[in-house]
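Read the figures in this text as sums done on the coordinates, not as results from a lab. Since we're looking at a predicted model, the values are computed, not measured. We place every Cβ from the backbone using ideal geometry, glycine too, and count neighbours over all the protein chains shown.
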Amino acid sequence: MTETLLQLKDVSLHFPIKAIGRSGEKVRAMDDVNLTINKGEIVALVGESGSGKTTTARVVARIHSPTSGKIYFQGEDIYTSEYKKNKVDWYRKQVQMIFQDPFGSLNPTHKIRSILSRPFIIHKICPKSIIEEKMVEVLTEVGLEPAEQFLDKFPHELSGGQLQRINIARAISVEPVLLLADEPTSMLDVSIRMTIMNMIKNFRDKDQISYLYITHNLAGARYIADRIAVMYAGMLVEVGPTDEVIQKARHPYTKLLRSAAPQPEKGFREEKLGSTGDIPSLIKPPNGCRFHPRCPYSKPECSQAIPKMYQLNDNHRVRCILYKDGKIPDFA
Amino acid sequence: MSETILEIDKLTSGYQVKQGRVEAVKDVSFKLGSGEFLGIAGESGCGKSTLAYSILGLLEDNGRIFSGSINYGGQDLSVLSERALKKVRWSKISMVFQSAMNALNPVITIKEQLLDAMFAHKPGLKEKEAVARAKELLDLVNITPDRLYDYPHQLSGGMKQRIMIAMAMVLQPDIIIMDEPTTALDVVVQRNIIEKIGDLQEKFGFSIIFITHDLSLLVEISDRLAIMYAGRLVELGNAEEIYKNPAHPYTEGLMASFPPLVGEIKEVGGIPGKPPDFFKLPVGCKFEPRCPYAFERCKKENPVFESYDSTGRLARCFLAGEER
């Protein structure tokens, strides 16, 4: 039986704009997001820049509190005052983040020893006398050997791939159950990306760590994730098992992403993308479906109201009115 | 192959630093055909950008071309004076820079930046004609001409990138060098830009040298492909054939570094280890320490860059063309 670890229920987050003369306006970074992550599951959150992926991770990490909606971790609402009083420290140990930019997320003036000892001290994981031992253990685990050698280095002495391993070491040192990985490989060289992704997969297999894996690379999501959630302009547009979302992409936006991804095995492609344009402003998003201005299949009713999520089967849902009858339209 | 427009012969260039000479580009030779799309791929620090800057004479102060020649239009660009080079640069060979999103000046309008390039090379040009030309260029890259009066921050990343491409085309060059032009962009925008580049090339017939580390993208769009490692070319040939059957183990490793979008999901591993330090290069084959097929000879001898079969593909490996 699968055990639900994290549940986002109707979560919205609107940032107010503070500029003079613009009071009342807001950036709708997340709207009506429903998503669950099970124990030991890797869920990939896929979308373009500015679609709200990182905001989603930050809301889960308790960096921003949602404007509305609830987030449950192991069944408990993490944004109640009682939770804040009693369990927030514990929660912060359970949920860790891996950041996108390995060069910017480690303090350049500290040695790796100091960077890595922080989580042990802050979360009181072990007595001070054995922190050194623990650090060596965790460095070995992320493949940095001989570990002792790395402890006395500064971040600038390491390569991007090594820094990202330090980042991962820092995150797993407190033995979390959920990792929020925000594009952990996008700033790395292609040749190192796979080793980092394989390592992430390994920790899942070995320690049953769950991941919210944020990426804009559909092929990478396919490689690593059990389920894929596609986000567009602050809203989830399609959620389903990896295979279904990739092979039977239902939402026109997922289709667009899929056809835009490089596919060397196909050779040069003559056919053009069906859509151009950019992601819309989140301050004044389009009425109705947020994708309709770019959608090749859009109809007049698409601009009337935000479409509901239609359940295609137990695990696969899509936010598009073309599926309102529960049937699969011709183009799909 | 079509008529050769640019010929690089045994080019060695790099930087003079405290510890000595860094030969970031070593002994690189290739020909670029007229209207050809040549892709150059390799990891960070393999010398791809140094190669691009060498061609245009844009190396930093401590950068030098140590030996070799860059032949364009009957001249050797590597020995040309700065004055003579200025006549070639941008008007004949132009460039789209890496992270072009930051290559635009944030405090002046797009119009001024486009016109700058025109006035610098064509002193007698009238403002009216220049503006007309700028509008025409924006139209070519699918940006409405009224955007000419915008500042860079008013444009999206994809638009800025297209402006950079428009700027590279201002003087109708023969060759455009593109250094990772789509790396910082989202997939959909990336695809749009690639399509646009293809259309423009078809229309105007310029040659492109496209530099990136994303081999999955290159295979699809290039006519020929050059793979670079530690400053050297390790493989050069028809893009499709290289994809189907890489001759160099490094190329094979790069191919195994991106998971496929269709077909079976295999465990892919990337390439173990990291590129060598330019001051401590291996004696033999530079890829030997990371190569899964390395044997005794690779440690001692340097393989030459040669054609190993009838198709004209070049590879720098003792095992090229053989069963690995």
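So here's what we get for this one:
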{"quantity": "For the range B:103-171, convex hull of alpha carbons as volume per residue, Å³", "calculated": "77 Å³"}
{"quantity": "Cα long-axis angle, helix A:190-207 against chain A (0 to 90 degrees, to the nearest 10)", "calculated": "80 degrees"}
{"quantity": "The range B:265-308, Cα convex hull volume normalised per residue, Å³", "calculated": "118 Å³"}
{"quantity": "nm² value of the averaged projected area, convex hull over the Cα atoms of the range A:30-187", "calculated": "10.2 nm²"}
{"quantity": "Considering only the range B:1-155, percent of DSSP beta bridges that pair antiparallel, nearest 5", "calculated": "95 percent"}
{"quantity": "q = 0.10, 0.12, 0.21 Å⁻¹, the range B:128-276: log10 I(q)/I(0) [Debye, one scatterer per Cα]", "calculated": "-0.45, -0.62, -1.36"}
{"quantity": "Relative contact order computed over the range B:103-171 (Cα-Cα under 8 Å; 6+ residues apart), in percent", "calculated": "45 percent"}
{"quantity": "Where only alpha carbons of the range A:180-254 are counted, the Rg and the Dmax (Å)", "calculated": "12.8, 37"}
{"quantity": "Computed [θ] at 222 nm, deg cm²/dmol, the protein assembly as shown (DSSP H ≥ 4; -39,500 (n - 2.57); rounded to nearest 500)", "calculated": "-8500 deg cm²/dmol"}
{"quantity": "In Å, descending, principal axis extents of the Cα set of the range A:173-332", "calculated": "52, 38, 33"}
{"quantity": "Helix runs (DSSP H) in chain B reaching 24 Å along axis by Cα, Kyte-Doolittle at least -0.5", "calculated": "B:187-204"}
{"quantity": "Label-point separation in nm, B:Phe119 to A:Ile122, each point 7 Å along Cα→Cβ", "calculated": "5.3 nm"}
{"quantity": "Equivalent ellipsoid dimensions for chain A as semi-axes, Å, which come from the Cα gyration tensor, largest first", "calculated": "36, 23, 19"}
{"quantity": "Using distinct alpha-carbon pairs, which all enter the 1/r mean, Kirkwood radius of chain B in Å", "calculated": "20.9 Å"}
{"quantity": "Separation of alpha-carbon centers, the range A:49-65 and the range B:227-293, rounded to whole Å", "calculated": "37 Å"}
{"quantity": "Principal-axis tilt of helix A:160-172 within chain A, Cα atoms, nearest 10 degrees", "calculated": "80 degrees"}
{"quantity": "Nearest-0.05 FRET efficiency for B:Glu306 and B:Asp277, computed from C-beta distance (R0 25 Å)", "calculated": "0.40"}
{"quantity": "Fully extended contour minus Cα-Cα distance, from B:Lys299 to B:Lys244, at 0.36 nm per residue", "calculated": "17.0 nm"}
{"quantity": "Gyration tensor over alpha-carbon atoms, the protein assembly as shown, equivalent ellipsoid semi-axes in Å", "calculated": "42, 33, 24"}
{"quantity": "Likely footprinting exposure, A:Lys111, A:Lys324, fewest C-beta neighbours within 10 Å first", "calculated": "A:Lys324, A:Lys111"}
{"quantity": "Average silhouette area of the range B:244-324, convex hull of alpha-carbon atoms, in square nanometres", "calculated": "6.5 nm²"}
{"quantity": "GNM top mover of B:Lys274, B:Lys86, B:Lys31 - chain B, alpha-carbon springs below 10 Å", "calculated": "B:Lys274"}
{"quantity": "For the range B:1-110, alpha-carbon Rg over 2.2 N^0.38 Å", "calculated": "1.14"}
{"quantity": "GNM top mover of B:Gly45, B:Gly68, B:Gly124 - chain B, alpha-carbon springs below 10 Å", "calculated": "B:Gly124"}
{"quantity": "All lysines inside 22 Å of B:Lys266 as judged from Cα atoms, apart from same-chain residues fewer than 8 positions distant", "calculated": "A:Lys201, A:Lys206, A:Lys248, A:Lys266, B:Lys244"}
{"quantity": "Most mobile listed residue (A:Asp278, A:Asp32, A:Asp205) in chain A, GNM with C-alpha springs under 10 Å", "calculated": "A:Asp278"}
{"quantity": "On Cα atoms only, tilt of A:131-141 relative to the major axis of chain A in degrees", "calculated": "50 degrees"}
{"quantity": "The range A:119-226 - Debye-derived log10 I(q)/I(0), Cα point model, q = 0.11, 0.18, 0.23 Å⁻¹", "calculated": "-0.36, -0.94, -1.39"}
{"quantity": "Gap separating the Cα centres of the range B:52-131 and the range A:174-201, nearest whole Å", "calculated": "39 Å"}
{"quantity": "The range A:1-100: projected area of the alpha-carbon convex hull, averaged over directions, in nm²", "calculated": "7.9 nm²"}
